[in-house]
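Here is the structure we will look at, set down as structure tokens.
The values are calculated or read from the model by the stated rules, or taken from the named source; none is laboratory data. These numbers were taken from a predicted model, which means no experiment stands behind them. Counting neighbours? That spans all protein chains shown, and the Cβs are built from the backbone with ideal geometry, glycine included. Note: accessible area is taken over every heavy atom of the protein model, side chains too, but ligands, DNA and RNA are not part of it. Shrake-Rupley method; radii C 1.70, N 1.55, O 1.52, S 1.80 Å.
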Number of protein chains: 2
Amino acid sequence: MEKKITIIGAGLVGSLLAIYLAKRGFKVSVYERRPDMRKSTISAGRSINLALSDRGWRGLDGVGISDEVRKIGIAMKGREIHNLDGKIAFQPYGTHGQANYSVSRGGLNCLLMDLAEKHGAQLFFNERCTHIDLTSATATLENNETKKTTQESADRIFGTDGAFSAARLALQIGTDRFSYSQSYLDHGYKELTIPPAKGGEFALDHHNLHIWPRGQFMLIALPNLDRSFTCTLFFPFEGENSFAALDTKEKMLAFFNKMFADAVPLMPTLVEDYFRAPPASLATIRCFPWSYKDKLLLMGDAAHGIVPFFGQGMNCGFEDCIVLEELMNKHREDWNAVFRAFENSRKPDGDAIAELATENYIEMRDKVGDARFLLQKKIEARFSEKHPEKWTPLYVMVTYRTDLRYSEAQERGQRQEAIMQQIMAMPGIEQKWDSDEVENAILKLLKA
Amino acid sequence: MEKKITIIGAGLVGSLLAIYLAKRGFKVSVYERRPDMRKSTISAGRSINLALSDRGWRGLDGVGISDEVRKIGIAMKGREIHNLDGKIAFQPYGTHGQANYSVSRGGLNCLLMDLAEKHGAQLFFNERCTHIDLTSATATLENNETKKTTQESADRIFGTDGAFSAARLALQIGTDRFSYSQSYLDHGYKELTIPPAKGGEFALDHHNLHIWPRGQFMLIALPNLDRSFTCTLFFPFEGENSFAALDTKEKMLAFFNKMFADAVPLMPTLVEDYFRAPPASLATIRCFPWSYKDKLLLMGDAAHGIVPFFGQGMNCGFEDCIVLEELMNKHREDWNAVFRAFENSRKPDGDAIAELATENYIEMRDKVGDARFLLQKKIEARFSEKHPEKWTPLYVMVTYRTDLRYSEAQERGQRQEAIMQQIMAMPGIEQKWDSDEVENAILKLLKA
């Protein structure tokens with residue numbers, strides 16, 4: 001008999017998961033709170049573009065759709081750093097020319113939904129999940145337009161409905177000993193636009209991610225297929241330099257002209273963009289368990305919502321799908337085993353990437369503008385190139401080493417950082433950074 | 001015009017708060033999910049008896065009802081420790097004969113509800129809060145018996161509905177940037193009974209709290225007015241010695257006979273008590289903010305749910321009422337000021353007692369059976385008696401020093417503990433613990 005699966009949420013992870021499950025022959029129904037973004041010009045929710053990297057590609061490879069997705073992506077080879085004094089610096093992402101791909105959240109989501117339907121999944125829109133009966137795997141759904149309520153029973157439910165998951169709320173309210181935390185940064189964000197330049201070309205080099213690091217805050221820009229850039233200002237909610245303080249056109253423009261002088265001329269709609277909406281918030285979500293018996297499993301942001309500073313939210317969610325696929329291959333129809341193994345193996349990785357993502361905000365907004373930090377990166381890159389089996393920089397492990405779990409990458413990264421602290425403390429390191437002495441010192445510390 | 005106040009939850013804190021607010025002339029309506037415990041023999045929810053101490057008395061004093069409550073309390077002067085070898089040790093609570101009062105949760109709650117009604121508050125039972133509209137301070141209530149739904153509007157709402165607060169859920173679901181965490185201990189508890197002895201007398205000394213400390217777990221007993229004791233077994237959920245492991249009458253009795261040999265003969269209904277219900281869980285709740293504008297304020301466990309090991313849950317909630325009363329006296333009808341001041345001043349104290357309560361589990365289940373720990377307590381007590389202005393033991397500060405905030409008590413306690421670590425490391429401390437040398441060493445460390 002064909003087994004029924006309900007998926008709550010047709011975002012990036014829910015749509016990809018629907019493809020995986022439909023391909024295995026399940027009868028998959030996906031319920032999405034928002035209207036069908038393929039038919040209306042609604043916002044796709046949060047950020048407009050995303051950086052797709054190797055863990056994400058691996059998730060897409062698993063259902064053979066990488067090539068199709070690559071067509072709508074723009075390769076970014078590194079960070080182009082816009083310093084306050086107008087100088088530009090470049091920092092490659094990988095030690096071997098690796099790239100992250102800027103993709104449109106909406107474009108990718110539409111493609112995944114089309115493929116899910118093509119593989120037989122049914123998608124329902126404007127259906128808000130208001131309740132889940134855990135023991136019977138029955139979801140109550142309220143249609144946003146008709147206000148009609150329906151109950152959908154299935155063999156099991158997957159909750160891929162994001163950081164403010166209704167499926168997770170069912171675990172919080174309906175089960176005992178459910179650990180849960182939602183915590184917010186004191187910083188929020190607003191999205192701004194750099195349109196194509198006069199000749200129709202990109203206004204900045206589109207093969208980089210652009211960063212204006214300013215210590216306590218930053219502006220970044222990612223390229224879009226239409227040759228525009230979407231910029232994001234990450235900025236404190238309150239305080240001297242904050243969203244609360246820049247409350248008039250004059251104050252905002254004076255601040256931008258001082259802090260982002262080379263970007264302002266590229267942003268003709270800056271004032272409208274800035275004042276369009278209040279700043280969005282940045283949450284980290286942690287919970288456990290991620291499941292209820294063999295009836296409900298949370299995946300993606302619903303299980304492990306993270307801040308965007310390592311560009312890993314979507315990539316982590318897509319990797320979830322591959323991990324689940326491997327466990328379904330191993331345990332077959334023993335869903336209790338699949339769900340337990342999934343949450344136990346994946347929880348440390350969700351925790352690791354949550355911490356790494358929070359730490360990377362400091363790196364992006366502050367350290368990338370710092371000469372000593374860039375020197376440290378150069379030393380690491382040089383050593384890694386000479387001894388690739390001994391050293392992979394943390395960024396590369398997290399972003400491109402899909403053979404390493406996030407938790408392993410974090411652990412190795414901590415060991416490496418401790419070594420680099422000692423290397424950077426060597427007298428005259430600025431002069432001798434590429435010497436044999438430094439190389440040998442690292443080798444010795446690695447053996448200790 | 002008479003201002004309307006809604007209180008969600010007629011537990012200990014909600015009922016006391018109703019008295020405070022009704023005395024100030026507000027029209028107070030209290031909605032309680034459970035039936036009226038004065039009319040039915042339902043369980044009062046969690047634990048059967050509680051230790052009332054000075055912060056709690058201060059909250060009761062504020063509305064002049066301490067004398068009435070004292071009639072239903074039993075003074076406990078210290079911990080009577082039942083060691084595994086059958087030996088008994090005694091540890092006084094205070095340095096000056098202070099006591100904690102064992103009171104029945106149900107009895108105290110009924111008394112407070114009677115008084116709330118006497119002062120004009122209206123109490124409604126079987127009314128479960130299913131939704132709160134924050135901007136209009138309107139609560140939606142569903143009657144558990146009639147299933148009828150009503151909407152009650154007020155000028156503001158107080159949420160005193162405990163660790164699993166529906167009022168708090170309104171903040172979690174309905175506001176941005178609400179920090180929230182619920183975390184559970186790996187240990188749970190079951191309540192057992194020691195009935196009166198054959199002659200109708202208490203089976204143990206009823207002027208003490210009894211502890212059977214066993215390292216990773218413990219049994220405690222508090223006296224009741226009917227000359228019984230309520231015992232609580234705090235025990236791991238899983239593992240070698242755990243609720244999961246003791247799953248038959250034989251295993252359970254063998255374990256109790258080995259671990260609590262002197263208690264078993266006093267517990268004729270042990271088997272029934274133990275297998276009556278699954279173990280209850282122990283949660284710590286942290287959140288912020290505790291309010292929405294001047295419309296909603298959380299108090300008691302709804303704002304700061306803690307584990308029971310410092311006996312401070314109710315006391316902290318009653319102290320909340322006094323803190324609110326002082327702020328209402330100061331800011332009068334400026335409720336925005338009252339709510340902001342309440343949450344900002346009280347949050348560090350809620351966090352402090354949450355940490356202290358968690359730490360005290362280790363002290364109760366493990367350290368009180370340790371000779372060196374008891375020696376340290378003796379040294380502290382002796383020094384505190386000679387220099388009361390310089391030293392108050394942590395337990396005394398938390399429990400009896402109502403002039404100190406929990407956060408101050410915690411901070412001083414940490415400084416004192418660091419000093420005691422050095423004192424306990426003095427060679428021959430066991431012999432010279434009551435010498436001038438040790439006293440002078442403490443005095444010197446205090447000045448450092």
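Assorted remarks:
- Student exercise, chain A dipole from Lys, Arg, Asp, Glu Cβ charges, in Debye to nearest 20: 440
- Distances between copies at A:K444, taken between label points 7 Å from Cα along the C-beta direction, are 4.2 nm in increasing order.
- Among beta bridges that DSSP assigns inside the protein assembly as shown, antiparallel share in %, nearest 5: 75
- Chain A versus the axis that turns it onto chain B: the residue with the nearest Cβ and the distance in whole Å amount to A:S181, 2.
- The DSSP beta bridges internal to chain A are antiparallel in roughly 75% of cases.
- Debye-sum result for chain B in log10 I(q)/I(0), which assumes one identical scatterer on each alpha carbon, at q = 0.09 Å⁻¹: -0.62
- Our note on the geometry: Cα centres of the range A:246-315 and the range A:181-221, 10 Å apart.
- Exam field: B:I65 pseudo-label spacings to other copies (7 Å along Cα-Cβ), nanometres: 6.2
- Accessible area per residue for the range B:370-447 is 53 Å², calculated with a 1.4 Å probe on protein heavy atoms, without ligands, DNA or RNA.
- Selected from A:E325, A:E411, A:E333 as most flexible by GNM, with chain A as the system and alpha-carbon contacts under 10 Å: A:E333
- Within the shell of other residues whose beta carbon sits under 13 angstrom from the beta carbon of A:P195, the net charge comes to -2, with Lys and Arg scored +1 and Asp and Glu -1.
- Placing unit charges on the Cβ atoms only, positive for Lys and Arg and negative for Asp and Glu, gives the protein assembly as shown a dipole magnitude near 620 debye about its Cα centre.
- Dipole axis of the protein assembly as shown (+1 Lys, Arg; -1 Asp, Glu on Cβ), positive-most option in B:A137, A:V271, B:G11: B:A137
- Accessible surface buried at the A:B interface totals approximately 1400 Å², computed with a 1.4 Å probe on protein heavy atoms.
- About the Cα centre, charge dipole magnitude for the range A:240-340 (Lys/Arg +1, Asp/Glu -1 at Cβ), debye: 240
- Take the Cβ atoms of B:H207 and B:E326, set R0 to 41 Å, and the FRET efficiency comes out at 0.75.
- Extension gain for A:K367-A:K3 works out to 125.9 nm (0.36 nm per residue, less the C-alpha to C-alpha distance).
- In percent, rounded to a whole number, the relative contact order of the range A:1-157 is 31, using alpha-carbon pairs under 8 Å and six or more apart.
- Of A:Q416, A:Q182, A:Q122, the residue with the greatest mean-square motion in the GNM of chain A, using alpha carbon springs below 10 Å, is A:Q182.
- For the range B:75-151, the fraction of 1.4 Å probe accessible surface lying on carbon and sulfur atoms is 49 percent.
- For the range B:53-67, backbone nitrogen atoms closer than 19 Å to the point 7 Å from B:S345 Cα along Cα-to-C-beta are found at B:55-63.
- Helix B:313-331 axis, angle to chain B major axis (alpha carbon atoms, nearest 10°): 50
- Cα centroid of the range B:334-399 to Cα centroid of the range A:1-21, whole Å: 51
- With a cut-off of 10 Å between beta carbons, the residues surrounding A:A166 carry a summed charge of +2, where Lys and Arg count +1 and Asp and Glu -1.
- Rounded to 0.05, the FRET efficiency of the B:R401 and A:K293 pair, given R0 = 45 Å and the Cβ-Cβ distance, is 0.40.
- Charge context of B:N208, other residues only, Cβ under 10 angstrom, K/R +1, D/E -1: 0
- Tilt relative to chain A, helix A:406-424 - C-alpha long axis, 0 to 90 degrees, to 10: 10
- Helical contribution to [θ] at 222 nm, DSSP H n ≥ 4, -39,500 (n - 2.57), averaged over the protein assembly as shown, rounded to 500: -12000 deg cm²/dmol
- Residue of A:T149, A:T138, A:T358 that the Gaussian network model of chain A assigns the largest fluctuation, springs spanning Cα pairs under 10 Å: A:T149
- Once backbone amide H atoms are built at 1.01 Å from N, B:L192 has B:C231, B:T232, B:L233 as its partners under 5 Å, excluding neighbours fewer than 5 places away on the same chain.
- Distance between the 7 Å Cα→Cβ label points at A:K249 and A:R24: 5.6 nm.
- Protein accessible area in the range B:192-234, 1.4 Å probe - carbon and sulfur %: 54
- Point-to-point label distance, A:N143-B:Q122, nm (Cα→Cβ direction, 7 Å offset): 4.0
- In chain B, the longest principal axis of the Cα atoms and the axis of helix B:335-365 are about 30 degrees apart.
- Ranked by solvent-accessible area (1.4 Å probe, protein heavy atoms only, all chains present), the residues B:E326, B:E250 order from largest to smallest as B:E250, B:E326.
- Where a label projected 7 Å from the Cα of A:K378 along Cα→Cβ would reach, residues of the range A:407-448 with amide N under 11 Å: A:430-435
- The residues of the range B:184-280 expose on average 44 square angstrom of accessible surface per residue, using a 1.4 Å probe on protein heavy atoms.
- With every protein chain in place, the range B:326-369: carbon and sulfur % of accessible area (1.4 Å): 47
- Plainly put, the tip 7 Å out from Cα toward Cβ on A:G120 is 7.0 nm from that tip on each other copy, the closest given first.
- List of the range A:176-193 residues, accessible area with partners at least 50 Å² below that of the chain alone (1.4 Å probe): A:R177, A:Y180, A:Q182, A:Y184
- Contour excess over end-to-end distance, with Cα ends at A:A277 and A:K390 and 0.36 nm allotted per residue: 35.9 nm
- The mean sequence distance of close C-alpha pairs (under 8 Å, at least 6 residues apart), as a share of the length of chain B, puts its relative contact order at 18 percent.
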